[in-house]
1. Can you confirm whether Ile77 is in contact (Cβ under 8 Å) with a residue 60 or more places away in the chain and under 18 Å from the mean Cα position of the chain (by Cα)?
2. Does Val112 satisfy being surrounded by 15 or more Cβ atoms within 10 Å (Cβ to Cβ) and farther than 21 Å from Arg160 by Cβ?
3. Which pairs do you get when a residue that is farther than 12 Å from Pro52 by Cα, found in the stretch 28-41, comes within reach of a residue that is modelled with pLDDT of 95 or more and in a helix (DSSP H, G or I), reach meaning Cβ atoms under 6 angstrom, with the pair 6+ apart or on two chains?
4. Considering only the stretch 62-179, give the helices (runs of 4 or more DSSP H) lying wholly within it that have at least 2 residues that are of a type in the set (Phe, Trp, Tyr).
5. Residues of the stretch 54-64 being surrounded by 14 or more Cβ atoms within 10 Å (Cβ to Cβ) and of a type outside the set (Val, Ile, Thr), which ones?
6. Where residues in the stretch 155-176 are farther than 14 Å from Leu9 by Cα and without any contact (Cβ under 8 Å) to a residue 40 or more places away in the chain, which of them is surrounded by the fewest Cβ atoms within 10 Å (Cβ to Cβ)?
7. Which numbered condition in (1) surrounded by 13 or more Cβ atoms within 10 Å (Cβ to Cβ); (2) without any contact (Cβ under 8 Å) to a residue 60 or more places away in the chain; (3) in a helix (DSSP H, G or I) is the only one that His18 fails?
Amino acid sequence: MLHVARVGLTVRGQLPRHALEQHLPASLDSLGQQLANQIDDYVKQNDLGYYPALDFFKQQGYVDSYLLDAVDQVAQIAVTMTKDEVMQILTPVFSSVRVESVLSMAYALPTVRPGQNNAMQQLALHYIPDIVKFELFVTMLQRREPEPGIADGAKKIAWRWLKDAFEDMEVTAARLIIV
């Protein structure tokens, strides 16, 4: 009798820059640096102890809209590329694959704080939308009841098959889903 093992995976990956830059008139480094400069100016003028997320600046209207539009455009391309790559690579490996969500980390709250060493460099890198976090569910057919170690096995398989699609990649979580 076959048993279905369903595993949830959370992955963080950095897409190849050359694949994203072909959709922009400027480099991703330039985009990140221009955003970081404007955001740093705002933070200094308002004496903030942190760098807000990009959504804050969309509401404030402080950052040039063309920069925010460029981030949105590249982030959407990154999300689409990620979904397509994951499905294409993992569908032959697992019984089924479902990409649940893909988020660009450029929209997350930066972990760098004003005054830290290399704050501007880290902030510029943060606002480049080449890093995505995604959650997916994979299923595997097993001859025996699924065991807790099956999640680690799925994690290793996913990493092995996806690692070449990203500049850098890490499977940050794997959990067996009881059906």
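The values are calculated or read from the model by the stated rules, or taken from the named source; none is laboratory data. Since the model is a prediction, treat every value here as computed from it, not as a measurement. Cβ: placed from backbone, ideal geometry, glycine included. Neighbour counts: every protein chain shown.
1. Taking the combined requirement at face value, the residue does not satisfy it.
2. Values: surrounded by 15 or more Cβ atoms within 10 Å (Cβ to Cβ): yes; farther than 21 Å from Arg160 by Cβ: yes.
Criteria met by Val112.
3. Pairs that qualify, where the first residue is farther than 12 Å from Pro52 by Cα and the partner is modelled with pLDDT of 95 or more and in a helix (DSSP H, G or I), are Gly32/Ala124; Gln33/Ala124.
4. On the way: elements: 65-90, 119-126, 150-162.
Hits in the stretch 62-179: 150-162.
5. If the condition is that a residue be surrounded by 14 or more Cβ atoms within 10 Å (Cβ to Cβ) and of a type outside the set (Val, Ile, Thr), then Leu54, Phe56, Phe57, Lys58, Tyr62 are the ones that fit.
6. In the first step, residues of the stretch 155-176 are kept if they are farther than 14 Å from Leu9 by Cα; the result is 163-168.
Subset that is without any contact (Cβ under 8 Å) to a residue 40 or more places away in the chain: 163-164.
On the way: Lys163: 15, Asp164: 9.
Ranking the candidates gives Asp164 first.
7. (1)
The rows are residues; the columns are (1) modelled with pLDDT under 95; (2) surrounded by 14 or more Cβ atoms within 10 Å (Cβ to Cβ); (3) out of contact with any helix residue (DSSP H, G or I) (no Cβ under 9 Å at 6 or more places or on another chain).
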position	(1), (2), (3)
Val102	no, yes, no
His126	no, yes, no
Gly153	yes, yes, yes
Ile178	yes, no, yes
